[in-house]
Structure formats: C-alpha cells, structure tokens
Amino acid sequence: MLQVEAIEVRYDDVPALRDVSLEVKEGEIVGVIGSNGAGKTTLLRAISGMRPVAEGAIILDGVPLHTLKSHEIAAHGVAHVPEGRGIFAYQTVLRNLYLGAFLRTKEERDEMLDRVFELFPRLYERRNQQAGTLSGGEQHMLAIGRGLMARPRILMLDEPSLGLMPKLVDMIFELVQRINREDGLTILLVEQNVLESLEVADRAYVLETGSLVLEGGGRELLDDPQVQKAYLGM
Ligand SMILES: Nc1ncnc2c1ncn2[C@@H]1O[C@H](COP(=O)(O)OP(=O)(O)O)[C@@H](O)[C@H]1O
Ligand SMILES: [Mg+2]
C-alpha cells in the first residue's frame, strides 16, 4: 500500500534521513521505533508532504506522493496526527473533530463522529468544551479522533503515548489495536515507547540517527538481543 523507497530528507544541507526504505501493507500496524532525534517525526513529515524529499520516492497505491503538496496527500487518504497534537485550543472539541472531516460529506462526517464518540466517550461528554481545557490524555484522544474523522486509508501517529501516565499509555495502545482490528484501518506508528509499540505492531523498523538498522515482526524484535539491550534495558 505505502512504499517509502530510499528517501533522503535534509534540514539545510544536513540529512536527517538517509536511504530509508519501508513498506506498510493494507491492514497492518507498522511501528517505527527509535530514540529522540532518530528522525521519526521527519519521516512522517516527509510522507505527509510537510518536508521535501531530496532523494528517493514515496508511493501510495501506485501514486507518487513525494511530488504532491500536503493537501493533495491528505486527499489521497493519508492522515497525520502530529507530535504535540496540533489541536485548536480555543475551538470546541466538536469543532476540532469537524475540522478533521473537512474533505468528507456531511453523511460521512456524522457517521465517523458517532464512531469517534463510541471509541472516546470522554470526548462526547466534553464535546462543547474548549479543547485547551482538556487534560493531556484527552487532548491525545482528540488528536487521534480528529485523524479518524478524515476516514483515512492510512493513519500516521507521531508518539501518541508521549508524556502520558502509564494507565493512559496502555489505553492509547489498546485503542490503536481496536481501530486497526474493528475498523480495518492501516496504521503507521512512530514511537519511543519501544515495548508497547512492538507489542501492538505486526511489523516494525528500528531507526537510528536517520538510518534503518533493523526490521522484523513486532514480537520477533521484542526477542531480539540488540533491541533488548539498546531499548528495553535488558
Ligand atoms: N526544523 C528542524 N531544523 C533543523 N533540524 C531539525 C529540525 N527538525 C528536526 N531536526 C533534526 O533532524 C533530526 C531528526 O529529528 P526528528 O525527526 O524530530 O527526530 P525524532 O522525531 O525521532 O525525535 C534531529 O537531528 C533533529 O535535530
Ligand atoms: Mg519526533
């Protein structure tokens, strides 16, 4: 479905990603794990057209995305839930969700809204509140909910568990599995939370200072001595 082919992405002349190739198949949860500064956010920004791709190609179902603009990439069904959430603090929860569905018909929007409120009853309770008044965990839910409202073909999540307390981290990862299983949504998840990501990912890639160093099944990487030593403190 999504192929990233040997891309290089630079800030000024300095490459942040070098020769990165990966694939996401329809219906999969694919993880990209790596420490702070590894290039995870840059990868998602390149896919969603927020950073130019200097070398290589990004293809979604045969369509080259790397030559398109962000809004065109979004229209091809790529939703990006950014790091830091990017919600509109002074808009209500409901308005934030509607904004996620701006490319959809009213029927599609209302159908998806029901689903988002089913997944996140808390957002329903707070639907008329300003988004900025939500707790940190609720803001993460809202950001994911807004991504779902676009009814994307692929949902990209940038560190959805960052800064949350353990109970909420578990809840977010359970939710990622639910939308994958119940809604059949394809998910590309980038995370520093290596343990939980590998537990939910069908397959994963390990990114270190801009290069992919390992790939495998989620469970397989959990058992990998190199991963255990570098990321799991074992
Ligand atoms: N706006 C920017 N300008 C210059 N360098 C950047 C910028 N954003 C990220 N970088 C650099 O690119 C590298 C990868 O960063 P990033 O993709 O944010 O990593 P991660 O999301 O894995 O923490 C880092 O070395 C970082 O310092
Ligand atoms: Mg990041």
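For the reader, a short list of remarks on this structure follows.
- Per-pair calculated FRET efficiency, R0 = 22 Å: residue 170 and residue 135 via Cβ, rounded to 0.05: 0.85
- Crossing angle, helix 166-183 versus the chain [Cα axis fit, 0-90 degrees, rounded to tens]: 90
- Here the label points at residue 124 and residue 67, each 7 Å from Cα along the C-beta direction, are separated by 4.6 nm in the simple model.
- Springs between Cα atoms under 10 Å define the GNM used for the chain, and in it the highest mean-square fluctuation of 12, 224, 110 occurs at 12.
- Residue order, fewest to most surrounding Cβ atoms within 10 angstrom, among 80, 140, 66: 66, 80, 140
- On the basis of the beta-carbon distance and an R0 of 22 Å, residue 195 and residue 25 show a calculated FRET efficiency of 0.40.
- Panel order for 112, 141, 165, by other beta carbons found within 10 Å of each beta carbon, from fewest to most: 165, 112, 141.
- Applying the Kirkwood pairwise sum to the alpha-carbon positions of region 1-139 produces a hydrodynamic radius of 16.9 angstrom.
- Computed on the chain, with alpha-carbon pairs under 8 angstrom and 6+ residues apart, the relative contact order is 27 percent.
- For region 157-220, alpha-carbon Rg relative to the globular expectation (2.2 N^0.38 Å, N residues): 1.12
- Evaluated at q = 0.07, 0.11, 0.13, 0.17 Å⁻¹, the base-10 log of the normalised Debye intensity for the chain, with identical point scatterers placed on the Cα atoms, takes the values -0.21, -0.54, -0.75, -1.27.
- With R₀ set to 41 Å, the beta-carbon distance separating residue 214 from residue 153 gives a calculated FRET efficiency near 0.95.
- Over region 1-72, the alpha carbon radius of gyration divided by the compact-protein estimate 2.2 N^0.38 Å works out to 1.05.
- Order of 10, 219, 203 under a 10 Å beta carbon neighbour criterion, fewest first: 219, 10, 203
Coordinate-derived values only; no laboratory data. Worth saying up front: this structure is predicted, and the values here are computed from it rather than measured. Neighbour counts run over all protein chains shown; Cβ positions are idealised from the backbone, glycine included.
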